Amino acid sequence: MSVGTHAIDIRTSPHIKGQLTTDTIMLHVVYALLPVTAFAVFVFGLSALLMILVTTGTCVLTEHVLCKLAKKQTTVRDYSAVITGLLLALCLPPAFPLWMAVVGGVVSITLGKALFGGLGMNPFNPALVGRAFLQAAFPVAITTWAPAFWPKVWSIERFTSIMLPTVSLPFMRPESVAAFIQGVSLDGLSGATPLAKMKFEHQATPLIDLFVGMTAGSAGEASAFLIILGGIYLCARKMMNWRVPVSILVTAAAVSGAFYLSDRQAYPTPMFMLFSGGLMLGAVFMASDMVGSPMSPIGIWIYGALIGAVTVLIRLKGGLPEGTMYAILLGNACTPLIDSLTQPRIFGARKKAVKP
Amino acid sequence: MSESSSNRDIQVLLNGIWKENPVFVQVLGMCPTLAVTNSVRNAIAMGVSTVFVLVMSSMLVAMVRKIVPKQVRIATYILIISTFVTIVDYVIKAVSIPVYKALGPFIALIVVNCIILGRAEAFASKNTVYRSVLDAIGMGIGFCIALVCLGGVRELLGNGSFLGVPLFGPYYEPWVIFLLPSGGFFTLGAWLLAFSLIKERKARRAAQEQEQSV
């Protein structure tokens, strides 16, 4: 039946559709992540490159296989699995064993996304689900950090040799990074992250190093500058809500500022809190996941404030040096509640009268 | 006549093991199922104690089923069950202190295990002593199998061993998450998935055969 045969063409809403599709948005998120990814490879060398390739490949393959198992059309082409893989690699330590990275990728897509019904249904950020699983499953490996720029900033060695823990046999205990570093006769290099140094040795890292990305840590969290650049790109293209990162960072700065003012000796400065660890990467690329964040502007402010405050509280008062992952997962979990509390009133509807 | 009745008795016994498995089908008794299955040893200890309490209390409930007034029957069941749980509690303490410490409060919590109370209310209070004991044995074996299924997977992955015997050599990297409560949920979910897959496949095959015969 063609449209022309009727005098009036009747269709259901929506009548005006936006040009943006899921695939386009996801592709641009990948573009925004590329500088961060490239810098991670530059800082940490061949191991980081292998890990990024492995997690991305695992995520895409898992998504494809699960779609086939569910007898659905494959959803690999919407790039969401690629983003999950990239983000997972970027929030793991650079010398993480590849077999564990594969486990993380499979868990991210199956437990984080497919079980809930695929993209759009997942209450949590899939990459963070995978990382949380890995954190609970392999607590030692995931807190073993490799030094940045080993052995020197401009040396080729980083790109021709692989860090030993990366290629440890499946199901076997990885080699320790410390032993590896001694093996290549480097001394005076420590793989401790700025946050761990702050927490356990009470030693602050210069702010400029944090900003440019000269520090140890997860593969993608090194350079705050490139992360912000990617965020600005996405905001400018209106593919990300600027309120998410801004609210998280403002709250984190405010809460840590209050701590800093209460005791300048014991607590780090707010600027250190903002630019260290995974807060920047989490705020810009993970918390801003459209599926897991609230819809109304007020809701997003509440959501961001919750994540920022919980991150700082875990960092300063909890047992772990870093808390961004758990803070974002908690924020994701609260999203349906926030959404139902901040639902805007329908135009013209009145507030319900309170029954006596 | 006698053959068919003994056939029915076997059916009662098998019911709890497969068709109405307390954990995988009825999803009852989740508290001990998730809490104490982080090793096969704990799982077996929990399973055996539950079987003892289940069989003894089903027998006693079936014996007194005609003299207990309806209004106080639940209180009576609880009293009977807790008597046997107290016995189990003392026996485990006497046999092995490590197991006693590992099971902790979950021994006492057998009293409120819904499998036991459920069988007392749904089966033992309506059937003869003989059939009630058969039912209790079947359900108990089903519960044990389920616990060992969970404990086996969790100990294998979380510790690299089975019944405390290391299987993968000294360099195995344990998946600590499977010893934590969240690992219990993951494992249970995976087993439930596997069981429902098998059941679905069976049902589909049965339906096909029926179609062919028609």
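Of the listed requirements (1) surrounded by fewer than 17 Cβ atoms within 10 Å (Cβ to Cβ); (2) free of Cβ contacts under 8 Å to residues at least 60 places away in the same chain, B:VAL129 misses just one: (2). Residue count for the stretch B:139-179 under the criterion of being within 21 Å of the chain's Cα centre (by Cα) and of a type in the set (A, V, I, L, M, F, W, C): the result is 16.
A single member of A:GLY323, A:GLY319 is closer than 21 Å to A:ALA266 by Cβ, exposed (fewer than 15 other Cβ atoms within 10 Å of the Cβ) and among the small types (Gly, Ala, Ser), and it is A:GLY319. Taking the conditions (1) over 17 Å from A:ALA333 (Cα atoms); (2) away from every other protein chain (no Cβ under 14 Å); (3) touching a Gly at 6+ places or on another chain (Cβ under 7 Å) in turn, A:ASN122 satisfies each one other than (1). Per the listing B:GLY151, B:GLY160, the residue uniquely modelled with pLDDT of 90 or more, surrounded by 12 or more Cβ atoms within 10 Å (Cβ to Cβ) and either within 12 Å of chain A (Cβ to nearest Cβ) or closer than 24 Å to A:ARG173 by Cα (or both) is B:GLY151. Considering the conditions (1) outside any helix (DSSP H, G or I); (2) crowded, with 24+ Cβ neighbours inside 10 Å, A:TYR267 is excluded by exactly one of them, (2). Within the stretch B:164-201, the set of residues being under 18 Å from B:LEU28 (Cβ atoms), among the small types (Gly, Ala, Ser) and within 11 Å of chain A (Cβ to nearest Cβ) comprises just one member, B:GLY189. Hey, does the stretch A:52-67 have a residue that's at pLDDT below 85 and acidic (Asp, Glu)? Among the residues of the stretch A:52-67, not one is at pLDDT below 85 and acidic (Asp, Glu), which makes the answer no. In the stretch A:157-221, counting only helices (runs of 4 or more DSSP H) that sit wholly within it, the ones holding 2 or more residues that are modelled with pLDDT of 75 or more, more than 14 Å from every other protein chain (Cβ to nearest Cβ) and under 15 Å from A:VAL41 (Cα atoms) span A:157-160.
Conditions tested, residue by residue: (1) β-branched (Val, Ile, Thr); (2) in contact with a Ser or Thr (Cβ under 9 Å, 6 or more places away or on another chain).
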{"position": "A:PHE44", "(1), (2)": "no, no"}
{"position": "A:LEU66", "(1), (2)": "no, yes"}
{"position": "A:ARG77", "(1), (2)": "no, no"}
{"position": "A:THR84", "(1), (2)": "yes, yes"}
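Of the residues in the stretch A:21-40, at least one is in a helix (DSSP H, G or I), farther than 19 Å from A:PHE124 by Cβ and either touching a strand residue (DSSP E or B) at 6+ places or on another chain (Cβ under 9 Å) or of a type in the set (Phe, Trp, Tyr) (or both).
For every residue, the table says whether it meets (1) free of Cβ contacts under 8 Å to residues at least 12 places away in the same chain; (2) farther than 21 Å from A:PRO194 by Cα.
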{"position": "A:GLN265", "(1), (2)": "yes, no"}
{"position": "A:PHE275", "(1), (2)": "no, no"}
{"position": "A:GLY282", "(1), (2)": "no, no"}
{"position": "A:SER293", "(1), (2)": "no, yes"}
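For the stretch B:87-130, the set of residues classified as closer than 12 Å to B:VAL36 by Cβ and among the small types (Gly, Ala, Ser) consists of B:ALA102, B:GLY104, listed by residue number.
Checked against (1) surrounded by fewer than 19 Cβ atoms within 10 Å (Cβ to Cβ); (2) over 17 Å from B:ASN15 (Cα atoms), B:GLY184 passes all but a single condition, namely (1). Per the conditions (1) more than 17 Å from B:ASN21 (Cα to Cα); (2) within 17 Å of the chain's Cα centre (by Cα); (3) among the aromatic types (Phe, Trp, Tyr), the sole criterion not satisfied by B:TYR90 is (2).
In the stretch A:127-156, of all residues being assigned to a loop (DSSP other than H, G, I, E, B) and within 11 Å of another protein chain (Cβ to nearest Cβ), the one that is nearest to B:TRP175 (Cα to Cα) corresponds to A:PHE138.
Determine which single condition A:THR205 fails, assuming it passes every other condition in (1) surrounded by fewer than 24 Cβ atoms within 10 Å (Cβ to Cβ); (2) on the phi > 0 side of the Ramachandran plot. So A:THR205 meets the others, but not (2). Scoring A:ILE300 on the criteria (1) within 24 Å of A:THR37 (Cβ to Cβ); (2) assigned to a helix (DSSP H, G or I) leaves a single failure, condition (1). Quick check: is even one residue across the stretch B:131-141 in a helix (DSSP H, G or I) and closer than 16 Å to B:VAL40 by Cα? Looking through the stretch B:131-141, at least one residue is in a helix (DSSP H, G or I) and closer than 16 Å to B:VAL40 by Cα.
Could you tell me whether any residue of the stretch A:273-284 is surrounded by fewer than 18 Cβ atoms within 10 Å (Cβ to Cβ) and either closer than 24 Å to A:THR143 by Cβ or touching a Gly at 6+ places or on another chain (Cβ under 8 Å) (or both)? Scanning the stretch A:273-284, I find no residue that is surrounded by fewer than 18 Cβ atoms within 10 Å (Cβ to Cβ) and either closer than 24 Å to A:THR143 by Cβ or touching a Gly at 6+ places or on another chain (Cβ under 8 Å) (or both), so the answer is no.
The values are calculated or read from the model by the stated rules, or taken from the named source; none is laboratory data. In this text the structure is predicted, and so the values were computed from the model without any measurement. Using ideal geometry, Cβ is built from the backbone for each residue, glycine included, and neighbour counts are taken over all protein chains shown.
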